[in-house]
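Chemist: Got a structure here, written out as structure tokens. Questions coming.
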Amino acid sequence: MAALPKFIGERVRRREDPRLITGTGTYVDDIKLPGMLHAAVMRSPYAHAKINSVDLSRARNHPGVIMALSGEDIGDKIGSLPCVAPAQHVPVHPVLARGKVRFVGEPVAIVVAENPYVARDAIDLINVEFDPLPAVVDVEKALESGAPLVHEEFGTNLVTRAEVTSPGFEKAMAEAQRTLKFRLINQRLTPTMMEPRAVLANWERGYKQLTLWSSTQIPHLLRSQLADMLKLPENKIRVIAPEVGGGFGAKLNVYPEEALCAYLSMELNRPVKWIETRRENMAATTHGRDHVTYVEVGFKNDGTITAIKAKFFCDMGAYLHLLTPAIPGFTGLMATGCYKIAGLSFEQNLVFTNKMATDAYRGAGRPEATYLIERTVDMVAAELGMDPAEVRRKNFIPKDAFPYTTPVGLQFDSGNYEAALDKALEMVGYQKLRQEQAEAAKKGRYIGIGLSTYVEICGIGPSALLPPKLKGGGWESATIRIEPDCKVTVLTGTSPHGQGEETTFAQIAADAFGVDVDDVTVIHGDTAVVQYGIGTFGSRTTALGGTAVLMAAQKLQDKMKKIASHMMEVPPEQLIFTNRTIALASDPSKSIPLQKVVEAAYGYKQPIPGVEPGLDANAFYEPSGCTFPFGAHVCVVEVDPETGVVKVLRYVAVDDCGKIINPLLVDGQIQGGIAQGLGQALYEETVYDENGQLVTASLMDYAVPKATMVPRFELANTVTPTHINPLGVKGVGEAGTIGSTPAVVNAVIDALKPFGIRHLDMPLKPEKIWRAIQQAKQTMKG
Amino acid sequence: MKISGEQTLSAPREQVWELFNDPNRLARLIPGVEKFETVSPDEFTGTISVGVAAVKGVYSGRVKIEERRAPEYYKIFIDGKGAQGFMRGYGTVELVPKDHNQTLVKYSGDVQVGGPIMQVGQRMLEGVAKMMLGQFFAAADAELKASAKGTVARQGILLNFWRYLVRLIRSLFTGRQ
């Protein structure tokens, strides 16, 4: 038999894909249970209104309707939806509105019927008397005196104000020879995962056990929170996340429908399913971003940036979801980016408004930070008439400065920012491109070149960094079993929703035991099968979950080496795993088939001193620090001055996520990430009108980039391993989104430089650009 | 949603004013009116069926007339809701006499719309509102012409839609509505 290759570092194709692209995977909506009922939710059409009465009588009398409930019917039978992140004002968050509605889409009543169509029809028969109240929509006006209050009990719309100033900030700002002040808007976005949310609850009366299928990123954390809300023991709740069609952070949450379906199934002793519609998804699944930021930057005439001061207004929406007030923290802390900037001071105002809550969305706080600093660097370059690449080089944290402590105390593990920029500039042919840009300008063509050099924070991290109220920390878990037939089963506490760890974790395990990647099965997302785990978010899966797999593998290796040592009569430390054998490291021809060792462990006919039967090991990995991936993106655009349309001509991305387990999957993450970041730069924007009505409530009005709007990517990597984990990996799930948005915006602004335009807020729609050009022409004439 | 425009009706101002102040006749002319009740001389309740894009629904509501200045002006408040959303706001109507026994109707309004009808149909709301107004004016014009002859015009959704189209096409050629 041919020798088996090593799998780590190989472009192994995703083992998930055949079932997904042939429609043979199982999503929540594919699961059909006998006697299953269907729920539909009546939602508030008002952004802010008093509920005078809810009349469910007509809905209840509708043929096929089994049950209809309002917030008053639920009362305290279901606890408040959780927010685990600390904040000064945390409102009660009922699963169905009580007394008042606070955003368009807030659940007001729920109907359960024999089929989803009847449930939906019955929603129209519910009569709610609303007394409309003035809505507060603008994040800055929300803090003015006299603004309508989202939660009267607090007497303010301020959730929390946080102020952080690094030691020596004043001195650093005083050393600046020049300063610039500007305002940036990081607009609200709708995550738009392909599969909307989906819940199926089944209470088995005889067993007093609840099984809940949910399209979630966090089955275990969800189980813990549901146990609290429903007052059930955790070992009587089984949460299963089957195939999950994307989440982007919006499924890192606990939603009303999860608790409601569970409660209804317990009341009715029948399974209850709820599948979110796209319109519901856009109105009532958490949004992302939504910051208004006032920036002041101090710098010297040579381009050295000495200090950054920022004042944030962060729109939290009407309620605080699981991590809502924690997300902006990353923005403030990461605001100095990959630069050695001596002083950082920021004030963050987190604000209630009559809108859907914001929470984690791909990048969660770091895209906002990167946009802030990367736009700032370009503003400084424009002000000084310097090349933006030079300003970056001037300020990079040098490669020999790692581990580097930022002015606000973050510990960067490793980095080589200049190498990534050099490689990206070489790939794009930067000098030549600048000449071509100048040539084109003479012909009246507006070419723009945009750079973005980012650093972000992944694999968070030591548990102490996570919110104290979160049940579970920054660690991750894995169990590995070698079955009697010598096949390897990996149980991971992470919960993929498109990331492909059935492939990457199989690669790690296959290399550990010297077996084929197809000998490994990876199981996830079922709390009755998998040991407690934390989940998949924050680009943590490979760095934390992958390390846990490696640690569990090492424990099993030790045990198997002991058995082999006993059988081969050589010391265990001289043994290695290779090609489905355990062999002598110095002479691999002296080996014993892995199968024989497995048989000895399970058969146990000859007891091995100091070794228990079976082959099962489990590990919990608590990281000592966070990882900080980085990279350099270059975007080349052409702006049509007649129409304002932006065409992306080239996109080069060099990303460094430490060691790479599977380059194919890294490329996939970067491609999807860039597409999403480009979406924010050019197209996407969640809009509420002045009355708090959601205007972008369907995919007709919310512009997600289509394949034709996304350029071909030229991708490469540099590899700077981290010492934080034994795999040397950093994380890559969000990097593309973080790096791309400022690269695209910087390119467009660069193209508009001849018009004297220094900044435009996203999304850079043709209309906005066209208007800016017309205005600039007027100004030039005048 | 803000909406405004003007339409010419083929009758003297007094007759138009009379029509515009006769709720029972108006109810026949407004497309989709299903139920109509008079609460007081200036206040009416009723239901109206409206479809915008994929969102079709029945809305019940209240209409109140204020600032009535015969024979030239009034302000009208509306407040309606249905399973597909709500609408609240006001409109103004102004009648200006024209030559040849015609009357120019100037109208404007500011209506707040919410709920699914807004979320799905907002791009089409204005168009639908304009079309409904167009159908109403076509029906009103037919009604006024018929009553001048001492007859009563036939009314119906299809018929008024047809009248609306004819007026629209005619306006394309004459450059006026």
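The values are calculated or read from the model by the stated rules, or taken from the named source; none is laboratory data. Keep in mind the model is a prediction, meaning the values are calculated, not measured. Don't worry about glycine lacking a Cβ; one is built from the backbone with ideal geometry, like all the others, and counts go over all protein chains shown.
Chemist: Across region B:96-110, what is the total count of residues that are buried (at least 18 other Cβ atoms within 10 Å of the Cβ) and over 14 Å from the mean Cα position of the chain (by Cα)?
Modeler: Final tally of qualifying residues: 1.
Chemist: Of the conditions (1) of a type in the set (A, V, I, L, M, F, W, C); (2) in contact with a Phe, Trp or Tyr (Cβ under 8 Å, 6 or more places away or on another chain); (3) in contact (Cβ under 8 Å) with a residue 40 or more places away in the chain, residue A:719 clears all except one; give me its number.
Modeler: (2)
Chemist: Of all residues in region A:186-213, count the ones that are under 23 Å from residue A:331 (Cα atoms) and either out of contact with any helix residue (DSSP H, G or I) (no Cβ under 9 Å at 6 or more places or on another chain) or in a helix (DSSP H, G or I) (or both).
Modeler: Total satisfying the criteria: 1.
Chemist: Shifting gears a bit: Are there any pairs with C-beta distances below 6 angstrom linking a residue in region A:577-589 that is farther than 17 Å from residue A:599 by Cβ to a residue that is in a strand (DSSP E or B) and small (Gly, Ala, Ser), with the two at least 6 apart or on different chains, and if so which?
Modeler: A:583/A:591
Chemist: Would you list the helices (runs of 4 or more DSSP H) that sit entirely within region A:327-438 and hold 1 or more residues that are more than 25 Å from residue A:680 (Cα to Cα) and of a type in the set (Lys, Arg)?
Modeler: Working: elements: A:327-333, A:366-384, A:388-395, A:417-428.
Passing ranges, in order: A:388-395, A:417-428.
So that you can scan it fast, the table gives a plain yes or no per residue for (1) more than 24 Å from residue A:213 (Cα to Cα); (2) without any contact (Cβ under 8 Å) to a residue 60 or more places away in the chain; (3) surrounded by fewer than 21 Cβ atoms within 10 Å (Cβ to Cβ):
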site: A:501; (1), (2), (3): no, yes, no
site: A:507; (1), (2), (3): yes, no, no
site: A:521; (1), (2), (3): no, yes, yes
site: A:538; (1), (2), (3): no, no, no
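Chemist: Name the residue that is modelled with the lowest pLDDT, counting only residues in region B:92-114 that are under 23 Å from residue B:63 (Cα atoms) and of a type in the set (Asp, Glu).
Modeler: By that ranking, first place goes to B:110.
Chemist: Here is a follow-up. Please go through region A:603-646 and pick out each residue that is touching a His at 6+ places or on another chain (Cβ under 6 Å) and free of Cβ contacts under 8 Å to residues at least 40 places away in the same chain.
Modeler: Going through region A:603-646, the residues touching a His at 6+ places or on another chain (Cβ under 6 Å) turn out to be A:608.
Listed by number, the list is empty, since nothing qualifies.
Chemist: Only one of A:111, A:101, A:95 is farther than 23 Å from residue A:37 by Cβ and out of contact with any Lys or Arg (no Cβ under 7 Å at 6 or more places or on another chain); which?
Modeler: Working: A:111 fails: farther than 23 Å from residue A:37 by Cβ; A:95 fails: farther than 23 Å from residue A:37 by Cβ.
After applying the criteria, what remains is A:101.
Chemist: Identify the single condition in (1) over 20 Å from residue A:327 (Cβ atoms); (2) under 31 Å from the mean Cα position of the chain (by Cα) that residue A:191 does not satisfy, given that it satisfies every other one.
Modeler: With respect to (1) over 20 Å from residue A:327 (Cβ atoms); (2) under 31 Å from the mean Cα position of the chain (by Cα), residue A:191 is out only on (1).
Yes/no matrix, rows are residues, columns are (1) closer than 30 Å to residue A:403 by Cβ; (2) out of contact with any Pro (no Cβ under 8 Å at 6 or more places or on another chain):
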site: A:690; (1), (2): no, yes
site: A:700; (1), (2): no, yes
site: A:719; (1), (2): yes, yes
site: A:741; (1), (2): yes, no
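Chemist: Here is a further query. Applying the selection to region B:139-161, what residues are among the small types (Gly, Ala, Ser) and either within 14 Å of chain A (Cβ to nearest Cβ) or closer than 21 Å to residue B:92 by Cβ (or both)? So that I can check it myself, show each step before the final result.
Modeler: Kept after step one, since they are among the small types (Gly, Ala, Ser), are these residues of region B:139-161: B:139-140, B:142, B:146-148, B:150, B:153, B:156.
Answer for region B:139-161, where residues must be among the small types (Gly, Ala, Ser) and either within 14 Å of chain A (Cβ to nearest Cβ) or closer than 21 Å to residue B:92 by Cβ (or both): B:139, B:140.
Chemist: Also: Got a sec? Which of A:430, A:446 is surrounded by 14 or more Cβ atoms within 10 Å (Cβ to Cβ) and in contact with a helix residue (DSSP H, G or I) (Cβ under 6 Å, 6 or more places away or on another chain)?
Modeler: Just one listed residue meets the conditions, A:446.
Chemist: Answer yes if at least one residue in region A:489-497 is more than 30 Å from residue A:83 (Cα to Cα) and buried (at least 24 other Cβ atoms within 10 Å of the Cβ), and no otherwise.
Modeler: Of all residues in region A:489-497, those more than 30 Å from residue A:83 (Cα to Cα) come to A:489-490.
Filter again for buried (at least 24 other Cβ atoms within 10 Å of the Cβ), leaving A:490.
Scanning region A:489-497, I find at least one residue that is more than 30 Å from residue A:83 (Cα to Cα) and buried (at least 24 other Cβ atoms within 10 Å of the Cβ), so the answer is yes.
Chemist: Of the residues in region A:104-136, how many are more than 12 Å from chain B (Cβ to nearest Cβ), under 26 Å from residue A:696 (Cβ atoms) and in a loop (DSSP other than H, G, I, E, B)?
Modeler: Total meeting the criteria: 3.
Chemist: Does residue A:598 fit the bill of being surrounded by 15 or more Cβ atoms within 10 Å (Cβ to Cβ), out of contact with any helix residue (DSSP H, G or I) (no Cβ under 7 Å at 6 or more places or on another chain) and in contact (Cβ under 8 Å) with a residue 24 or more places away in the chain? Spell out the reasoning first.
Modeler: On the way: surrounded by 15 or more Cβ atoms within 10 Å (Cβ to Cβ): yes; out of contact with any helix residue (DSSP H, G or I) (no Cβ under 7 Å at 6 or more places or on another chain): yes; in contact (Cβ under 8 Å) with a residue 24 or more places away in the chain: yes.
The answer is yes for residue A:598.
Chemist: Another one. Checking residue A:561 against (1) more than 24 Å from residue A:5 (Cβ to Cβ); (2) assigned to a helix (DSSP H, G or I), which test does it fail?
Modeler: With respect to (1) more than 24 Å from residue A:5 (Cβ to Cβ); (2) assigned to a helix (DSSP H, G or I), residue A:561 is out only on (1).
Chemist: Name every residue in region B:112-138 that is within 14 Å of chain A (Cβ to nearest Cβ), surrounded by 19 or more Cβ atoms within 10 Å (Cβ to Cβ) and of a type outside the set (A, V, I, L, M, F, W, C), in order of residue number.
Modeler: Residues satisfying the conditions are B:114, B:115, B:116, B:119, B:121, B:122.
Chemist: Sort out which residues of region A:680-739 are in contact with a Gly (Cβ under 8 Å, 6 or more places away or on another chain), in a loop (DSSP other than H, G, I, E, B) and within 14 Å of chain B (Cβ to nearest Cβ), and write them in order of number.
Modeler: A:691, A:693, A:703
Chemist: Can you name every residue in region A:616-642 that is crowded, with 21+ Cβ neighbours inside 10 Å and over 30 Å from residue A:445 (Cβ atoms)?
Modeler: Taking region A:616-642 as the starting set, the residues that turn out to be crowded, with 21+ Cβ neighbours inside 10 Å are A:619, A:621, A:623, A:626-637, A:639.
Those that are crowded, with 21+ Cβ neighbours inside 10 Å and over 30 Å from residue A:445 (Cβ atoms): A:619, A:621, A:623, A:626, A:627, A:628, A:629, A:630.
Chemist: Sticking with this one: State all residues of region B:148-177 that are more than 15 Å from the chain's Cα centre (by Cα), assigned to a loop (DSSP other than H, G, I, E, B) and farther than 14 Å from residue B:137 by Cβ; if no residue qualifies, say none.
Modeler: B:149, B:150, B:151, B:152, B:154, B:175
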